[in-house]
């Protein structure tokens, strides 16, 4: 019988929630890496027992760990004890921006809050995206915004510097949460295609495996930047894609819910009847490519649900017409947020939808959003939620 | 002095006791205190070199990967002294070099 494994990153550790296909009884494992901020936990789609976790600490920096047994044990790739005297240590958890001459790019500065140019400084890994085809290949989206790739299961990391070296790089600037590359989307039908998104630069696409990149922000309108239709500078919060339609993208921007039908070349607004189109998460039903989910948040100044009622909104028409889903969700006095990487779907016949809150709840719906139940209520603030559907 | 087997010069070494913060003990999967053999004279730099060679997963967690500068929220203490701002190549206190007192690597106290 199928099982579901929900991978939860929180401010104080990681948790693994497992259930059978009914998804009504859950086992909770954790905290793993207790006390560490866990920005993201994600499993390889082709080796489901291989999990990666990004743990970050102001004291000790960035650690990426890997499990090869579904989270029972963890190790630091490249951090194994040396076989003997004289053996060369590997570069465990080393993320170094590419400044090589071969790149030919001025990869030295970006725009800072005060408008001056500022050196790129590695801070943390926001998002880990394992390859869809190679169990040893994995991407990391980092702050300050850049994309790294490992081809040895996380032992060493190398920047895909064509992104940061894009001619617009010196114009990129951090949002309030830092300048993070938070979204990485791979296309199973075209291994050369990668989508990424950066706050606050916008969305980019590569069609050559990450060597060169193109901003894909036409149609976005952001009134908080000097030129609201600029090529870059938009605060994209998250992007989602259904694997069967890799040309169709859905975006939750700072404000505005957007859709592209041409791989990001053009975007149109699909906020429709949403009560507010500010928010962070967006995701697509596993079997219905036109069914989209968002969690509206009141505003950029008030990061909590409207009127204290936590609601998911679902569109079955690819946007514009949205229905409120609240069965089982708090009706009042709820002032949590749902962060950008904290929603996911499973691929069981009846699609399950999951999201986590900054109040420490992880909600699950086993019927595509019609009914919700909290799996856990009192975790630390949830930073990320991912789901694995296990055979 | 030579090694009787390979006749290479034998380098005097010290057994240095090191105490790590809780999270790094967990990361390295070690107990409260570890002992490292370090060539004399032992210094903060030579102790950390030995520590990272034995526990490579600690690279980058105490000092920067490249610059080897101490991470801002960590401190080096020994014998009730803060050695954090001493030169990394300064000899450690005799009692630390003799293994009588540990070198403490401390995380700054913070709430939340």
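Readers should treat all values here as calculations from the given coordinates under stated rules, not as data from a laboratory. On a predicted model such as this, the values are computed, not experimentally measured, just so you know. No Cβ is skipped: glycine too gets one built from the backbone with ideal geometry, and neighbour counts run over all protein chains shown.
What residues from segment B:19-54 fall in the zone where the backbone N is under 15 Å from a label point 7 Å along the Cα-to-C-beta line of residue A:34?
Label zone hits: B:22-27.
Please work out whether segment A:166-210 counts as rounded, prolate or oblate from its C-alpha gyration tensor, where a ≥ b ≥ c are the square roots of the eigenvalues and a/c under 1.5 means rounded, while otherwise a/b larger than b/c means prolate and anything else oblate?
Values: a/c = 4.25, a/b = 1.87, b/c = 2.28.
Verdict is oblate for segment A:166-210.
Using the basic label-point model (7 angstrom from Cα toward the beta carbon), what is the residue A:300 to residue A:81 distance in nanometres?
The modelled label-to-label distance comes out at 5.3 nm.
Anyone know which of A:156, A:131, A:100 comes out most mobile in the 10 Å Cα GNM of chain A?
For chain A, modelled as a Gaussian network with Cα springs under 10 Å, the answer is A:100.
Within 10 Å of each Cβ in peptide B:57-69, how many partner chain Cβ atoms are there on average? Round it to a whole number, please.
Numbers: counts 12, 6, 10, 10, 10, 3, 1, 2, 8, 2, 0, 0, 0.
Whole-number average of other-chain Cβ neighbours for B:57-69 is 5.
Report the relative contact order of chain A, percent, no decimals, based on alpha-carbon pairs under 8 angstrom and at least 6 residues apart. Don't skip to the answer; put the middle values down first.
Values: 1121 pairs, mean separation 48.5, N = 391.
Answer for chain A is 12 percent.
Gain in length, residue A:167 to residue A:136, computed as 0.36 nm per residue apart minus the alpha-carbon separation, to one decimal in nm?
Values: separation 31, 0.36 × 31 = 11.16 nm, distance 3.10 nm.
Length gained, residue A:167 through residue A:136: 8.1 nm.
When chain A is modelled as a GNM with alpha-carbon springs shorter than 10 Å, which of A:194, A:225, A:38 fluctuates the most?
Highest fluctuation among the options: A:225.
At 7 Å along Cα-to-Cβ for each site, give me the label-to-label distance between residue A:158 and residue A:229 in nm.
The modelled label-to-label distance comes out at 4.1 nm.
Is the shape of chain A best called rounded, prolate or oblate, per the rule: a/c under 1.5 gives rounded, else a/b larger than b/c gives prolate, else oblate, with a ≥ b ≥ c the square roots of the Cα gyration tensor eigenvalues?
oblate
Just B:54, B:17, B:45 to compare: in a GNM of chain B, with alpha carbon springs under 10 Å, which one fluctuates most?
B:54
Rounded, prolate or oblate: which one fits chain B, using the alpha carbon gyration tensor with axes a ≥ b ≥ c (rounded when a/c is under 1.5, else prolate when a/b beats b/c, else oblate)? If you can, show how the numbers build up before the last one.
Details: a/c = 1.89, a/b = 1.65, b/c = 1.14.
Since a/c reaches 1.5 and a/b is larger than b/c, the shape of chain B is classed as prolate.
Calculate the mean, over all residues of peptide A:56-68, of how many other protein chain Cβ atoms lie within 10 angstrom of the residue's Cβ. Mind showing how you got there, number by number?
Values: counts 0, 6, 6, 13, 12, 9, 2, 6, 0, 2, 0, 0, 0.
Partner Cβ neighbours, averaged per residue: 4.
If you average the C-alpha positions of segment A:228-305 and of segment A:26-63 separately, how far apart do those two centres end up, in angstrom?
Taking the Cα centre of segment A:26-63 as reference, the centre of segment A:228-305 is 26 Å away.
As I understand it, the value is the acute angle between the Cα axis of helix B:44-54 and the longest principal axis of the Cα atoms of chain B; what does it come to in degrees, rounded to 10?
Approximately 90 degrees, to the nearest ten.
Only Cα pairs under 8 Å and at least 6 apart count here; give the relative contact order of segment B:14-112 as a rounded whole percent. Write down the numbers at each step before the final one.
Working: 150 pairs, mean separation 36.2, N = 99.
Relative CO of segment B:14-112 lands at 37 percent.
Determine the gain in length on full extension of the stretch residue A:317-residue A:221; use 0.36 nm per residue of separation and subtract their C-alpha separation, reporting nm with one decimal. It would help to have the intermediate numbers written out before the result.
Values: separation 96, 0.36 × 96 = 34.56 nm, distance 2.26 nm.
Working it through step by step, the gained length comes to 32.3 nm.
With label points built 7 Å along Cα→Cβ from the Cα atoms of residue B:73 and residue A:349, find their separation and express it in nm.
4.9 nm
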